[in-house]
Amino acid sequence: MNSKLKFIYEGKAKKIFAYEDSDKVIIEFKDDATAFNALKKAKFEGKGELNCLISSKIFEFLIKNKIPTHYIGLKNNNSMIAQKIKIIPLEVVLRNTAYGSLCKETTIEPGAVLESPLIDFYLKNDTLNDPLLTKDRINLLKIINDEELDFIINMTLKINELLKKFFYNIKLDLVDFKLEFGYNSKGQIVLGDEISPDNCRLWDLNQKNDTIVSLDKDRFRNDLGGFIEAYSEINKRINNFFKSNDFSSI
Ligand code: TMP
Ligand code: ASP
């Protein structure tokens, strides 16, 4: 990254730099992978680039479908230009199929398809290990008001419908995902962060039987191997599909 850019912030998977106007930033995607609140860490060469390219294509698709996001454009293969936003300290998880923490914390069987999407809110706070919230706790902590909460819920459900179709077209089942939202300089709530195999569970639909083949960060979380290969496969399928289709019409 150009050393003249003013560094703003470093997270587990990305670095943020100031850019041109004060309302824009550069987001640089790192090669680091972390899991379980960074108890587990590794570096995978090329991961930053893959997540940046995958996220940029997904943001383009969402923007075409009228979802407000922070994404402006690619700067290079591992960094994007985005609106500067004030992140709302909520991790918004939507689940279509039961897996991961939902199965560890309840009696629901892994792989059970949920009758309707489940939305879970977590407090974005590493020191507290991102605890699960209730709507009353969101009110109590004054994180956002009821109207903003409804807006975020509706937006998340819409994004789910769009992403489910998007991934189904490239033979992937969207099991669950995590979103983050923030306020832009006009005070509007927009989708932020990234959408990549780091924060989506994606199961390969190109399987003859019912075996679960994860093409996402579960390969690292659960020591399944083939991490970069899985991320490359997602990027390849997205690029092939973009070559022959206009994603705005799916
Ligand atoms: P979970 O089953 O661990 O609650 O994860 C649900 C989804 O959220 C899964 O797609 C992974 C994603 N996720 C993140 O992006 N960041 C996190 O810190 C966690 C815990 C999950
Ligand atoms: N994002 C979290 C971490 O960095 C956890 C996860 O994705 O599993 O530790």
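Structural remarks
The rows are residues; the columns are (1) within 16 Å of ligand 2 (Cβ to nearest atom); (2) of a type outside the set (Phe, Trp, Tyr).
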{"residue": "92", "(1), (2)": "yes, yes"}
{"residue": "113", "(1), (2)": "no, yes"}
{"residue": "120", "(1), (2)": "yes, yes"}
{"residue": "133", "(1), (2)": "no, yes"}
{"residue": "136", "(1), (2)": "no, yes"}
{"residue": "161", "(1), (2)": "no, yes"}
{"residue": "167", "(1), (2)": "no, no"}
{"residue": "186", "(1), (2)": "no, yes"}
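- Close pairs from segment 210-223: first in a helix (DSSP H, G or I), partner open to solvent by less than 40 Å² (accessible area, probe 1.4 Å) and within 10 Å of ligand 2 (Cβ to nearest atom), Cβ under 7 Å, at least 6 apart: 220/33; 220/35; 221/35
- Restricted to segment 102-133, and to residues there that are more than 12 Å from ligand 1 (Cβ to nearest atom), among the polar types (S, T, N, Q) and more than 22 Å from residue 192 (Cα to Cα), the residue that is surrounded by the most Cβ atoms within 10 Å (Cβ to Cβ) is 116.
- Selection status of residue 157, exposed (fewer than 15 other Cβ atoms within 10 Å of the Cβ) and out of contact with any strand residue (DSSP E or B) (no Cβ under 9 Å at 6 or more places or on another chain): no
- Selected residue [in contact (Cβ under 8 Å) with a residue 40 or more places away in the chain, open to solvent by 20 Å² or more (accessible area, probe 1.4 Å) and not in a loop (DSSP other than H, G, I, E, B)] from 148, 233: 148
- Restricting attention to segment 166-204 and to residues that are acidic (Asp, Glu) and part of a strand (DSSP E or B), the residue that is surrounded by the most Cβ atoms within 10 Å (Cβ to Cβ) turns out to be 176.
- Every residue from segment 62-85 that is over 21 Å from residue 158 (Cα atoms), out of contact with any Ser or Thr (no Cβ under 9 Å at 6 or more places or on another chain) and not small (Gly, Ala, Ser): 75, 76, 77, 78, 81
- Filtered residues of segment 1-58 (kept if within 12 Å of ligand 2 (Cβ to nearest atom), over 17 Å from residue 74 (Cβ atoms) and part of a strand (DSSP E or B)): 32, 33, 34, 35, 40, 41, 42
- Residue that is surrounded by the most Cβ atoms within 10 Å (Cβ to Cβ) [pool: residues in segment 28-46 that are in contact (Cβ under 8 Å) with a residue 40 or more places away in the chain and over 18 Å from residue 226 (Cβ atoms)]: 29
- Apart from one condition, residue 49 fits all of (1) within 16 Å of ligand 1 (Cβ to nearest atom); (2) surrounded by 12 or more Cβ atoms within 10 Å (Cβ to Cβ); (3) of a type in the set (Asp, Glu); the exception is (1).
Results for (1) surrounded by fewer than 19 Cβ atoms within 10 Å (Cβ to Cβ); (2) without any contact (Cβ under 8 Å) to a residue 40 or more places away in the chain, shown as yes or no for each residue.
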{"residue": "9", "(1), (2)": "yes, yes"}
{"residue": "59", "(1), (2)": "no, no"}
{"residue": "65", "(1), (2)": "yes, no"}
{"residue": "77", "(1), (2)": "yes, yes"}
{"residue": "83", "(1), (2)": "no, no"}
{"residue": "100", "(1), (2)": "yes, no"}
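- Residue selected from segment 134-145 under the condition open to solvent by 90 Å² or more (accessible area, probe 1.4 Å) and not in a loop (DSSP other than H, G, I, E, B), by the criterion nearest to residue 234 (Cα to Cα): 135
The values are calculated or read from the model by the stated rules, or taken from the named source; none is laboratory data. Source: prediction; values computed, not measured. When we count neighbours, we look across all protein chains shown, and the Cβ atoms used for this are built from the backbone with ideal geometry, even at glycine. Areas reflect the complete protein model, heavy atoms only, side chains present, ligands, DNA and RNA absent. Shrake-Rupley method; radii C 1.70, N 1.55, O 1.52, S 1.80 Å.
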